[in-house]
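Since the structure comes first, as structure tokens, the remarks are kept for the end.
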Amino acid sequence: MDGVDSVSSGLYFNATQLAAAENARKTNKKEKSGEVKKSAFATAFEKSRMEHQLQMEGFPVEIAGMGVEEAARYLKDAADIAADKLKECQMPDNFADYRKKVSQFMRYVVKNNFTIEQHARPAKKGRKGKVQTQVVVINQKLDELARWLLTGHSETLLMLKKIDEINGLLVDLMAT
């Protein structure tokens, strides 16, 4: 019986040593390839930092972790819902919500879809060189989505424009 115990304990220790060596090899391989899995704390911290950044930029925290097009669709849908509420009931809260949603969508599209390049033109005799500014569209689908939102909401946007004009007149009247 003594021989059986030593064989079984030897097999157990051998198996644990092999498993530990295999685990160390896999960990080493992941470290070399950059596939080290983040801890739960690091993941939660990164998500919290991203949500804070979105809040600072005036975007909803729900788009944290979304891709550019997915986030744009989310913001467009939020603007559509706010437009429907505004069409049903023209209350000041609905106006403010709709304006906020459209503003968030447009800022997101501008931030993630366009880059501005400036090119200096050579100077002619006796003149200064001019700087040309060029807006470059990065994502054509996102640009089309923005155009579609603006054309689809033209009535509501015109209504907001009129309300802003009226508010401006009221402020002018109060100032005089």
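The values are calculated or read from the model by the stated rules, or taken from the named source; none is laboratory data. This is a predicted model, so every value here is computed, not measured. Areas reflect the complete protein model, heavy atoms only, side chains present, ligands, DNA and RNA absent. Shrake-Rupley method; radii C 1.70, N 1.55, O 1.52, S 1.80 Å.
With all protein chains kept in place, the per residue accessible area of region 70-129 amounts to 69 square angstrom at a probe of 1.4 angstrom. The phi-based Karplus calculation (6.51 cos²θ - 1.76 cosθ + 1.60; θ = phi - 60°) puts the 3J(HN,Hα) values of region 85-94 at 5, 5, 5, 6, 9, 8, 9, x, 5, 5 Hz, whole numbers, x for Gly and Pro. For the residue pairs K111/K162; K130/K161; K76/K161; K85/K161; K47/K87, alpha carbon separations beyond 24 Å are given by K111/K162; K130/K161; K47/K87.
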